[in-house]
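Visitor: Input: one structure, supplied below.
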Amino acid sequence: MSRYLTPYLAAPALAAALMLGGPASAHPAPTAVKAADHPPNISRRDAEEQKWIDDPHIHEFYQLSIAAFANGPDKVDVDGYEQKSFALFRAMAVSWHANPDAMQDHLKLIPRQVVQIAREDPKALATYENFTNALLGPP
């Protein structure tokens, strides 16, 4: 398995989430991050990747991941972590006016992959940047 979750996150998930949502005219998607908001020397992410990184639900997913590993990598309640992750993914879909079932299904492998990555490389949870690099690959 790849150390990064790029095939499962990033642009494909964003596109799927937005396509699976309700009518765009009824609920506009959040605006994309402008290049001026992230100078080239700070981030080399494209706008779609940066949208994921900036999303408060991904920040909450990071905090959930930290909490899951609080007692060490061998004491992670993987099933509980997965269920809490699914709840976050569903909430993110709602905030994006996308289909929560489709978002959860699209991201269903992510929690267990994060557990495996963090067990193999504890530095993956050391900072939010490390976490997003583990999810998306390095910039």
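Each reported figure results from applying straightforward, stated rules to the coordinates on display, with no laboratory input. Owing to the predicted nature of the structure, the values given are computational and were not obtained by experimental measurement. Every residue, glycine among them, receives a Cβ derived from its backbone with ideal geometry; neighbour counts consider all protein chains shown.
Visitor: If a residue must be over 19 Å from residue 74 (Cβ atoms) and either touching a helix residue (DSSP H, G or I) at 6+ places or on another chain (Cβ under 8 Å) or crowded, with 16+ Cβ neighbours inside 10 Å (or both), how many such residues does region 117-133 contain? Show your work before the answer.
Guide: Looking only at region 117-133, we keep the residues that are over 19 Å from residue 74 (Cβ atoms), and these are 127-133.
With the extra rule that they be either touching a helix residue (DSSP H, G or I) at 6+ places or on another chain (Cβ under 8 Å) or crowded, with 16+ Cβ neighbours inside 10 Å (or both), the set shrinks to 128, 130-133.
Adding up the residues that qualify gives 5.
Visitor: Quick one: in region 45-70, which of the residues that are among the small types (Gly, Ala, Ser) and crowded, with 18+ Cβ neighbours inside 10 Å is nearest to residue 88 (Cα to Cα)? First the steps, then the outcome.
Guide: Pass one, region 45-70, residues among the small types (Gly, Ala, Ser): 47, 65, 67-68, 70.
Subsequent filtering for residues that are crowded, with 18+ Cβ neighbours inside 10 Å retains 65, 68.
Details: 65: 12, 68: 14 Å.
Out of the qualifying residues, it is 65.
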